[in-house]
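S.K.: A single structure is presented below for examination.
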Amino acid sequence: MKTLIIAAIAAAVAVASGAAARAADSRPAPNVTLEAADGSAVRVDAFRGKVVLIDFWASWCVPCKTSFPALEALYREYESRGLQVLAVNLDERRRDADLFLRDRPHTMPVLFDPHGEAPKAFGVKGMPSSFVVDRAGTIRFTHMGYSANIGQQYRQEIDLLLSERGRP
């Protein structure tokens, strides 16, 4: 029983510290330039005024094979309400990304950063990593890795940020 209580307290502390870390990590999203599929330049600040989920992925990332279609579903669910998902590929060779994408139909924008400048600017420490940015351009939530329950967490965060009408 004592072990169960200690485990429950440790879990509560972990959850509380995770939320605190997210609040402490709130900072402006780096205004990096990424490459669209057609070769045009896309700057992150072009999406100011929208809630943006920026996800860093690569074809070699095993969890990305599951997270990519889940993010596409999230995009389709929330796009009409003002969510923009940016799937940022980090493969050094574009053909690796293209092979990955060929088997995964998508409508969300896929952007490319073969030199890895954006993940450095965002502080990516693992794959996949995602950042939920509010309408003012502030990173409000961060995620590293992927698990089955993250979709519900994304929905809660997105709903919260979409409800904040007073922010730009």
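The values are calculated or read from the model by the stated rules, or taken from the named source; none is laboratory data. Every value quoted in this text rests on a predicted model; they were computed, and no experiment measured them. Glycine gets a Cβ as well: all are built from the backbone with ideal geometry, and neighbour counts include every protein chain shown.
S.K.: Name the pairs: first residue in the range 49-62 and at pLDDT 95 or above, second residue among the acidic types (Asp, Glu), Cβ to Cβ under 7 Å, at least 6 apart or on different chains?
M.R.: 51/134; 58/91; 59/91; 59/96
S.K.: Then there is this: With surrounded by fewer than 16 Cβ atoms within 10 Å (Cβ to Cβ), under 15 Å from the mean Cα position of the chain (by Cα) and of a type outside the set (Gly, Ala, Ser) as the only criterion, which of 152, 84 stands out?
M.R.: 152
S.K.: OK, next. Residues of the range 158-168 being within 21 Å of residue 68 (Cα to Cα) and surrounded by fewer than 20 Cβ atoms within 10 Å (Cβ to Cβ), which ones?
M.R.: Applying the first criterion (within 21 Å of residue 68 (Cα to Cα)) to the range 158-168 yields 158-159.
Residue satisfying the conditions is 159 alone.
S.K.: Quick check, is residue 140 surrounded by fewer than 16 Cβ atoms within 10 Å (Cβ to Cβ) and farther than 20 Å from residue 59 by Cα?
M.R.: So residue 140 fails the test.
S.K.: Then there is this: Can you report the number of residues in the range 28-68 which are under 18 Å from residue 139 (Cβ atoms) and among the aromatic types (Phe, Trp, Tyr)?
M.R.: 3
S.K.: A further question follows. Tell me whether the range 103-112 contains one or more residues that are surrounded by fewer than 16 Cβ atoms within 10 Å (Cβ to Cβ), part of a helix (DSSP H, G or I) and β-branched (Val, Ile, Thr).
M.R.: no
S.K.: Kindly establish whether residue 161 is in contact (Cβ under 8 Å) with a residue 60 or more places away in the chain, of a type in the set (A, V, I, L, M, F, W, C) and more than 23 Å from residue 41 (Cβ to Cβ).
M.R.: yes
S.K.: Looking only at the range 113-135, filter to residues that are part of a loop (DSSP other than H, G, I, E, B) and among the acidic types (Asp, Glu); which one of those is surrounded by the fewest Cβ atoms within 10 Å (Cβ to Cβ)?
M.R.: 113
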